[in-house]
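> Input: one structure, supplied below.
Read-outs throughout are calculated quantities, based only on the coordinates presented, and are distinct from any laboratory measurement. The model shown is predicted, which means the values in this text are computed figures rather than measured ones. Note that we place each Cβ from the backbone using ideal geometry, even for glycine, and neighbour counts take in every protein chain shown.
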Amino acid sequence: MINTHPLAWYAALTSVSYPQRRWLQDRGSLTRRIQDRCSQFSVKPIFQSLSRVYGDELDVMGLRHGELAMVREVFLYCGSTPVVFAHSVVARKNLRGAWRGLSGLGNKSLGTVLFTNPKIRRTPLEFKKISRGHFLYERACTRMQIKPVNLWARRSLFTLHGQSILVTEVFLPSILDLPS
């Protein structure tokens, strides 16, 4: 039976073009992959604060309803074009532990931190097609004049010393303009 719950994320992709699938299923550093295809890569933070997290993030992060976590949102740019919207969540208690340096990242890439430490482990990717009304869609479309019908997102947990950070990446249509 297929889970059609609105908060569900899936372990497999369906109805995805080959170019989209290549971006979504790549388990390496998304930052590095974009940098390899773009001469002017940059990270532009738009939000970082202690905040409540969304319903489909509570269980994954082991948080109670209303519990605060550090939320960081950035756009990854190729030149002047945003290609990915990234949304990261760290439990407040873990900001004093394994992830204590994350609050000072600024315009540095989180991917650089995650993929340079061999002790960090990543869970399998989960996927979701998001559209109007989903918080990630609304946040990801803030820099777009023409909003697509839907966007593909993926997420996974990165764990260090038993503490996790949830990283969700929303792929904007312009990602497909980069060489594959």
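> Cross-link partners among lysines for Lys93, C-alpha distance below 22 Å, same-chain residues fewer than 8 apart left out?
Lys119
> In debye, nearest 20, what is the charge dipole magnitude of the chain about its Cα centre with +1 on Lys and Arg Cβ and -1 on Asp and Glu Cβ, if you could check?
Here the chain has a charge dipole of around 340 debye.
> Something else now. Which whole-number percentage describes the relative contact order of the range 18-177, with Cα contacts under 8 Å and a sequence gap of 6 or more? Don't skip to the end; give the middle numbers.
On the way: 276 pairs, mean separation 38.6, N = 160.
Relative contact order, the range 18-177: 24 percent.
> Right, next: Net charge within 10 Å of Leu58 by Cβ-Cβ distance, Lys/Arg positive one each and Asp/Glu negative one each, not counting Leu58 itself?
Once positives and negatives cancel, what remains is -2.
> Turning to a different aspect of this structure: Determine Rg/Rh for the range 89-180; Rg is computed over alpha-carbon atoms and Rh is the Kirkwood hydrodynamic estimate from the same atoms.
Using only Cα positions, Rg/Rh for the range 89-180 is 1.01.
> All other residues with a Cβ under 10 Å from the Cβ of Trp23 taken together, and with Lys, Arg as +1 and Asp, Glu as -1, what is their net charge?
Values: positive: Arg21, Arg22, Arg33, Arg154; negative: Asp26, Glu169.
Cβ neighbours under 10 Å give a net charge of +2.
> Then there's this: Compute the distance from the alpha-carbon center of the range 91-144 to that of the range 28-71, in whole Å.
Using only Cα atoms, the two centres lie 3 Å from each other.
> Peptides 29-41, 139-151, 87-99: what's the order by average Cβ count within 10 Å, highest mean first?
Descending packing order for the listed peptides: 87-99, 29-41, 139-151.
> Per-residue HN-Hα couplings for the range 129-144, Karplus 6.51 cos²θ - 1.76 cosθ + 1.60 at θ = phi - 60°, whole Hz, x for Gly and Pro?
Using θ = phi - 60°, the values come out as 8, 10, 8, 3, x, 7, 4, 5, 4, 4, 5, 5, 8, 4, 9, 10 Hz.
> Are there cysteines in the chain with no other Cys C-beta under 4.7 Å, and if so, which?
Cys141
> Also, I was wondering about something else. Go through 101-113, 64-76 and give me the packing order, highest mean Cβ count within 10 Å leading.
Highest-to-lowest ranking by the protection proxy: 64-76, 101-113.
> Kindly write out, for the range 109-117 in residue order, the coupling ³J(HN,Hα) from the Karplus curve 6.51 cos²θ - 1.76 cosθ + 1.60 (θ = phi - 60°), rounded to whole Hz, with x marking Gly and Pro.
Values per residue, Gly and Pro as x: 7, 5, x, 4, 5, 5, 9, 9, 9 Hz.
> Run down the lysines and flag those whose C-alpha is under 18 Å from the C-alpha of Lys108, throwing out any fewer than 8 positions away in its chain.
Within reach: Lys44.
> Here's a follow-up. If we count every other residue with Cβ under 14 angstrom of Ala91's Cβ, Lys/Arg +1 and Asp/Glu -1, where does the sum land?
The answer is +4.
> Now a separate question. On average over all directions, what projected area in square nanometres does the range 32-106 have, based on the convex hull of its Cα atoms?
5.7 nm²
> Now for a separate question. How large are Rg and Dmax for the chain when only the alpha carbon atoms are used, in Å?
Cα only, the chain: 15.6, 45 Å (Rg, Dmax).
> Further question on the same structure: Gain in length, Thr123 to Ser39, computed as 0.36 nm per residue apart minus the alpha-carbon separation, to one decimal in nm?
27.2 nm
> Got a sec? Charge dipole of the chain, +1 on Cβ for Lys and Arg, -1 for Asp and Glu; which of Ala69, Thr123, Gly97 is way out at the positive end?
Gly97
> Next question. Can you compute the helix-only [θ] at 222 nm over the chain? Use -39500 (n - 2.57) per DSSP H run of at least 4 residues, normalise by all residues, nearest 500 deg cm²/dmol.
Theoretical 222 nm ellipticity from helices: -5000 deg cm²/dmol.
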